[in-house]
Every structure is written in C-alpha cells, then in structure tokens.
Amino acid sequence: GSASSFGFGSKDKPGDETTPSVSDKYGLDYIDSKKQAQEYILREVKENNLPAIMLNPTFMFGAYDSKPGAGRIIKSIQKEQVFALPPGGKNYIAAKDVATATVNALTMGRIGECYILGNENLDFKEAFGKIAQVVNAKAPTRMLPKWLCLLIGSIVDIYSNITKSVPVLSYNNMKIGCEEHYFSSLKAQNELGLPLAKIEVAIKECSDWMEENNI
C-alpha cells in the first residue's frame, strides 16, 4: 500500500495508522486507488478471514530504481535543474529497509493490521540538501510561497490540457508539495523490526546504481 492511505501530520505530531486519511481532496488516481485497495483488503480480512497484512511505505530511495522514479529527483539535483522548492515536506525511507520489514511481516506481522514503513521527516530544503551533499551538487535553497506554487500548477494544467501532454507538475501535485506529509513508523519498528538506515545511505545507493547502469 502507501502511507498516503493515512492522514499526515507535523514533525511534532506525525500521522500514524490511526490518523484518518484526507488525501482524497487531491483527486489523484494513484492515491485514491491505494486507499480503496486497502479498504477492500481489510474488509476481506474482516468478512472472509483473508490472511492479509498491509504495509504502507513512505517515499523510498534505493538501488534498482530502473524507471527511474525517485531517482529522477537525484538526477535533477545532480544536474542542478531544481531552482526552487515548495514549502512542504515528506517522510523518506531506504527501499532496503522496506524490503526487510516486508519479509519480517510474514512471520512477525499481525493479520488485519497496517504498518507505516517510514523513517525521516524532512522538509524539501532538508531533503534536497542531503541529496545535493551526496552527489556533490549545489543545493536549491529558494522557497516559493504556497500561492505561487499553486499558480504554477494551474498554469501547467491549462497548458497540458491545450497540448494534450502529460504534465511534469500539476495543480494537485503542487498542492501536495505545499503540505507537510509527515508520518510515524513506531508501530513497524516495534512489531516488524523495521530498520532505519540514514537516508543519505539510500540516496547514495540509488545514485551509484543508476550510474553503474547508465540510467
């Protein structure tokens, strides 16, 4: 699943598995489908004894990012193509730690339970600063106000509708970027032995793997 199936919070009071989701306000199929799938699975557990456990990762960095997905951010910062940042933030985790918790869940997880798999809550300035440090690039530091981020997203949406192209950014994506999507993974740490590698390690593993594979 995804941590976005739960409500997010601040650094002082991050969201957890008991926090109701508010992500349907974004109107994004990816987030909505994750939440609906989770609701379906949990309903099957309750009504038909499906032996299922839900794992809900946050934003992952790591090797084998072949698309690339998160690796695009690393490449963009490495090429110094990121000139400004939205005022929000995310929770980040190493992909290998998610894999470890997933394997552990087979024997340690409780049927019908959800587990947020996350680690570091960072605003975009902090996160992109860590990436820049790992790849020896200049870190973007200019923060855009929320109103300007949303205006840019609206303009991109209009342009993509006219040209029938897929936007890199959108109003809804910019809306997410202006909010603090912070989570606690204490439940997974306690019950699944979730490891917590420093995010710099995961960033380097992702960057090195992409370089080795000419991605």
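In the set S165, S154, S170, S207, which member is modelled with pLDDT of 90 or more, more than 21 Å from A132 (Cβ to Cβ) and of a type in the set (S, T, Y)? Quick ask: steps written out before the conclusion?
Numbers: S165 fails: modelled with pLDDT of 90 or more; S170 fails: modelled with pLDDT of 90 or more; S207 fails: more than 21 Å from A132 (Cβ to Cβ).
Selected residue: S154, the only one of S165, S154, S170, S207 that is modelled with pLDDT of 90 or more, more than 21 Å from A132 (Cβ to Cβ) and of a type in the set (S, T, Y).
Of all residues in the range 153-175 being assigned to a helix (DSSP H, G or I) and among the aliphatic types (A, V, I, L, M), which is least open to solvent (accessible area, probe 1.4 Å)? Step through it out loud before you land on a result.
Initially, the range 153-175 is screened for residues assigned to a helix (DSSP H, G or I), giving 153-163, 171-175.
Now restrict to residues that are among the aliphatic types (A, V, I, L, M): 155-156, 158, 162, 174.
Numbers: I155: 100, V156: 40, I158: 103, I162: 129, M174: 20 Å².
It comes out as M174.
Working only within the range 178-215, note down all residues that are under 17 Å from A99 (Cβ atoms), of a type outside the set (D, E, K, R), part of a helix (DSSP H, G or I) and open to solvent by less than 60 Å² (accessible area, probe 1.4 Å).
Scanning the range 178-215 gives A188, L192, I199, A202, I203, C206, W209.
What do you reckon, is A52 in contact with a helix residue (DSSP H, G or I) (Cβ under 6 Å, 6 or more places away or on another chain), open to solvent by less than 40 Å² (accessible area, probe 1.4 Å) and hydrophobic (A, V, I, L, M, F, W, C)? Reasoning before the result, please.
Details: in contact with a helix residue (DSSP H, G or I) (Cβ under 6 Å, 6 or more places away or on another chain): yes; open to solvent by less than 40 Å² (accessible area, probe 1.4 Å): yes; hydrophobic (A, V, I, L, M, F, W, C): yes.
Judged against the criteria, A52 is a match.
Which of the following residues is small (G, A, S) and touching a strand residue (DSSP E or B) at 6+ places or on another chain (Cβ under 9 Å): A63, A3, A52? Break it down stepwise before answering.
Details: A63 fails: touching a strand residue (DSSP E or B) at 6+ places or on another chain (Cβ under 9 Å); A52 fails: touching a strand residue (DSSP E or B) at 6+ places or on another chain (Cβ under 9 Å).
Just one listed residue meets the conditions, A3.
Mind telling me which of the residues N104, N119 ends up being buried (at least 19 other Cβ atoms within 10 Å of the Cβ), on the phi < 0 side of the Ramachandran plot and polar (S, T, N, Q)?
Details: N104 fails: buried (at least 19 other Cβ atoms within 10 Å of the Cβ).
Residue meeting the stated conditions: N119.
Residue-by-condition table, conditions (1) in contact (Cβ under 8 Å) with a residue 40 or more places away in the chain; (2) outside any helix (DSSP H, G or I):
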site	(1), (2)
V103	no, no
T107	no, no
G112	yes, yes
I116	yes, yes
E126	no, no
I131	yes, no
V134	yes, no
W147	no, no
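If L122 meets every condition in (1) within 18 Å of A202 (Cα to Cα); (2) of a type in the set (A, V, I, L, M); (3) part of a helix (DSSP H, G or I) apart from one, which number is that one?
(3)
Can you find a residue in the range 157-173 that is of a type in the set (G, A, S) and touching a residue at least 60 places away in the same chain (Cβ under 8 Å)? Don't jump to the end; show me each part of the working.
Let us first name the residues in the range 157-173 that are of a type in the set (G, A, S), namely 160, 165, 170.
Still in the running and touching a residue at least 60 places away in the same chain (Cβ under 8 Å): none.
So far as the range 157-173 goes, no, none of its residues is of a type in the set (G, A, S) and touching a residue at least 60 places away in the same chain (Cβ under 8 Å).
Restricting attention to the range 123-152, which residues are within 17 Å of F59 (Cβ to Cβ) and open to solvent by 30 Å² or more (accessible area, probe 1.4 Å)?
Across the range 123-152, the qualifying residues are D123, K125, E126, K130, V134.
Condition test on Y30, is it assigned to a helix (DSSP H, G or I) and either in contact with a Phe, Trp or Tyr (Cβ under 9 Å, 6 or more places away or on another chain) or exposed (fewer than 12 other Cβ atoms within 10 Å of the Cβ) (or both)? Can you show your working first?
Working: assigned to a helix (DSSP H, G or I): yes; either in contact with a Phe, Trp or Tyr (Cβ under 9 Å, 6 or more places away or on another chain) or exposed (fewer than 12 other Cβ atoms within 10 Å of the Cβ) (or both): yes.
Against the criterion (assigned to a helix (DSSP H, G or I) and either in contact with a Phe, Trp or Tyr (Cβ under 9 Å, 6 or more places away or on another chain) or exposed (fewer than 12 other Cβ atoms within 10 Å of the Cβ) (or both)), Y30 qualifies.
R43 - would you say it is under 29 Å from T141 (Cα atoms), open to solvent by 50 Å² or more (accessible area, probe 1.4 Å), assigned to a helix (DSSP H, G or I) and out of contact with any helix residue (DSSP H, G or I) (no Cβ under 7 Å at 6 or more places or on another chain)?
Numbers: under 29 Å from T141 (Cα atoms): no; open to solvent by 50 Å² or more (accessible area, probe 1.4 Å): yes; assigned to a helix (DSSP H, G or I): yes; out of contact with any helix residue (DSSP H, G or I) (no Cβ under 7 Å at 6 or more places or on another chain): yes.
Spelling it out, it is not the case that R43 is under 29 Å from T141 (Cα atoms), open to solvent by 50 Å² or more (accessible area, probe 1.4 Å), assigned to a helix (DSSP H, G or I) and out of contact with any helix residue (DSSP H, G or I) (no Cβ under 7 Å at 6 or more places or on another chain).
Kindly indicate the residue of the range 1-15 that is under 16 Å from L117 (Cβ atoms) and out of contact with any Lys or Arg (no Cβ under 7 Å at 6 or more places or on another chain) and also surrounded by the fewest Cβ atoms within 10 Å (Cβ to Cβ) among those meeting that condition. Let's see the steps before the verdict.
If we filter the range 1-15 for residues that are under 16 Å from L117 (Cβ atoms), which is where we start, we get 1-6, 8, 14-15.
From what's left, out of contact with any Lys or Arg (no Cβ under 7 Å at 6 or more places or on another chain): 3, 6, 8, 14-15.
Numbers: A3: 31, F6: 24, F8: 25, P14: 21, G15: 24.
Top of the filtered list is P14.
The values are calculated or read from the model by the stated rules, or taken from the named source; none is laboratory data. A quick note: this is a predicted structure, and the numbers were derived from the prediction, not measured. Neighbour counts run over all protein chains shown; Cβ positions are idealised from the backbone, glycine included. Please note that ligands, DNA and RNA were not included when accessible areas were found on the heavy atoms of the full protein model with its side chains. Shrake-Rupley method; radii C 1.70, N 1.55, O 1.52, S 1.80 Å.
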